[in-house]
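Okay, structure first, notes after.
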Amino acid sequence: MVTPRPQRYRDTFQAHYTDSPDIVSYMVSRLKPTEADSIWEPCAGVGDLIDGIIQLSPNSQIRASELDPQASTTLKEKYKRFQNIKVVHEDVLELGHSPLFEPEICFTRIIANPPYGAYQSHHKRTVLKKRYPGLYVRDTYGVILYHCFRLLDQEGRLVFIIPDTFLWLHRHDFLRRTLLNESTIEEIVLFPSKFFPGISFGYSGLCIISLIKRSAHRTHQIRIIENLANANVLMELALRYEPKNRCLITNISQKEILSRPCAELVKPSQNNGITLGSRANLTLGDIADVRTGFYSGNDRHWVRRANADIPRSKSFEDVEVDKISDLIVPPLHGIDGPSCFIPILRGGAARFVKQTQWYVNWSKDAVSEYRTPGKNPARFQNSQYYFSEGIGVPMVASARLTATLLEGRLFDQGIVGIFPKNEQLLMYFLGFLNTELATKLLRQINPTANNSANYLKRMPIVNPTDSELKQCNNSVSKGIKESQENGDVSQATLNEIEDVYCRIWVSQKVIKPAHSQASPQS
């Protein structure tokens, strides 16, 4: 029996209505509707985008699809006098239950503000995975974008507003490649989510992508617009003004983007002001195993805090000291007896070393439950790396990348474990992952606060010479000692480590070690 955990609210709609004249005007201007067009709005909401279309092209044929029955009823009432607007209560992802899935149905124009995080049942995800192999189906907006692209006429236009993480997240590689191979992406505009009324994502901004369904010419350049001064810039762009000094406009070769390892739709690599040396020809994934960790399935039930001073631990109980195991390497199958709690490294920034703040129940009964097959939220994954010596990097970043020694502890799914294939490189990697250089290189791969294994694997690495390794190890040892004795590392030592690694990695050093860094938050 799996211990139940508290149920989360699942929002099946995740509707964010496009109540912004600036955004609507810009999107409709890029759609370029005409009276000859057959237009689809698959996530119609309250009709904001439809209103924008009929202002520009009042006689276009429009199909407005809406999943929410209440919103659908409101739309039907709103547009009942429009013979050219057909409102349909339907789920655009319900396979086989809508005429939209008949092969002869297609559209010359598609415009949408899809749901960004709508919940889908396990059954529905299974169906979608089977229908769309290669597509990441957990992000509803990506599935809707892909499906809409398939229903778009050749030479048709599509305009979507979606989270900007779509442009670089590893999981959307297949979708990006589909669009890059089969369409001409005219323009991408990026802006903070606060421009969108009622929304403020902490994890990402938003972007609007405009494309034509035809293969791009080999010389085609995608226009990227970013750093908008405010939302009014979108209106100016809609009116074909060039907002001087109020946004940044660059052009990128679509062919060049498609040649990148993960087809990231971002500006050409500038390495954040860093020109790497020719020796940076390996990646972290080439010379280290990079793995995500364990999850109990119900941390509040199985995990204990060391004491009440541990940050963000209010809902956890204190561990009983006499129940802490003294085994150096606990058995994978669990521990007999009452002393069955073992140290576990959880998320939270720390440099070089981190005191044990958490313990997890590792009794035989608990481990048996963690490993129960079937419908079980626990993740007993990558267990061959449990209790090994390695490096832990928090999955969610602070302002600067940090890394700490695992010291044989279990690590949870909020930590990415890094295990060098050559154990002599352990200290070398530990030092690198605590540098500003590493932070900048990782942010070039993924600009978000996500330090997942897939991104860390792609970080460029230099294999050190014996003398370089010795110098790095000496500096890192100093950092470890300071962290053990003082709880953090002095700025002088951080600067020393930064200098050492920059000399190894960088052929033309443009970044400078910071001289005042805030301590990482535990």
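Coordinate-derived values only; no laboratory data. These figures come from a predicted structure and were not determined experimentally. Cβ coordinates were reconstructed from backbone atoms using ideal geometry, including for glycine residues, and neighbour counts include every protein chain displayed.
Structure above, values below:
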read-out: Amide N of region 296-331 lying under 14 Å from the label point, which is placed 7 angstrom from the Cα of Gln355 along Cα→Cβ; value: 306-311
read-out: Rounded tilt (10° steps) of 140-150 against the dominant C-alpha axis of the chain; value: 40
read-out: Calculated FRET value between His220 and Arg177, using beta carbons and R₀ = 22 Å, to 0.05; value: 0.90
read-out: Fewest-first sequence of Cys106, Cys340 by Cβ atoms within 10 Å of each Cβ; value: Cys106, Cys340
read-out: As computed over the chain, the Cα convex hull volume per residue (Å³); value: 169
read-out: Gain in span if fully extended, Ile249 to Ala492, counting 0.36 nm per residue against the direct Cα distance; value: 83.5 nm
read-out: For region 443-509: span of alpha carbons on each principal axis (Å, largest first); value: 33, 29, 20
read-out: Pairwise label distance in nanometres, Val321 with Ile287, each label 7 Å out on the Cα-Cβ vector; value: 4.4
read-out: Calculated log₁₀ intensity ratio I(q)/I(0) where the Debye formula runs over C-alpha points of region 411-468, q = 0.17, 0.19, 0.25 Å⁻¹; value: -0.61, -0.76, -1.22
read-out: Sparse-neighbourhood loop sites, trypsin sites (Lys or Arg not before Pro) in region 375-409 - DSSP loop, at most 11 other Cβ within 10 angstrom; value: Lys375
read-out: Spacing of the two label points (7 Å from each Cα toward its C-beta) at Asn422 and Asn376, in nm; value: 3.9
read-out: Debye-sum result for region 323-368 in log10 I(q)/I(0), which assumes one identical scatterer on each alpha carbon, at q = 0.20, 0.30, 0.31 Å⁻¹; value: -0.65, -1.08, -1.13
read-out: Hydrodynamic radius of region 285-508 per Kirkwood, over alpha carbon pairs, in Å; value: 18.3
read-out: Packing-based order for 476-483, 127-134, 142-149, using average beta carbon neighbours within 10 Å, highest first; value: 142-149, 476-483, 127-134
read-out: Calculated log₁₀ intensity ratio I(q)/I(0) where the Debye formula runs over C-alpha points of region 21-268, q = 0.10, 0.12 Å⁻¹; value: -0.46, -0.68
read-out: Taking Phe196, Phe380, Phe191 and counting other C-beta atoms within 10 Å, the order from fewest to most; value: Phe380, Phe196, Phe191
read-out: DSSP beta bridges in the chain [antiparallel fraction, %, rounded to 5]; value: 60
read-out: Over region 40-95 - Rg/Rh using Cα atoms and the Kirkwood inverse-distance radius; value: 0.95
read-out: Residue list for region 363-397, given a label point 7 angstrom along the Cα-to-Cβ vector of Asp336 and an amide N cut-off under 18 Å; value: 363-368
read-out: Computed [θ] at 222 nm, deg cm²/dmol, the chain (DSSP H ≥ 4; -39,500 (n - 2.57); rounded to nearest 500); value: -8000 deg cm²/dmol
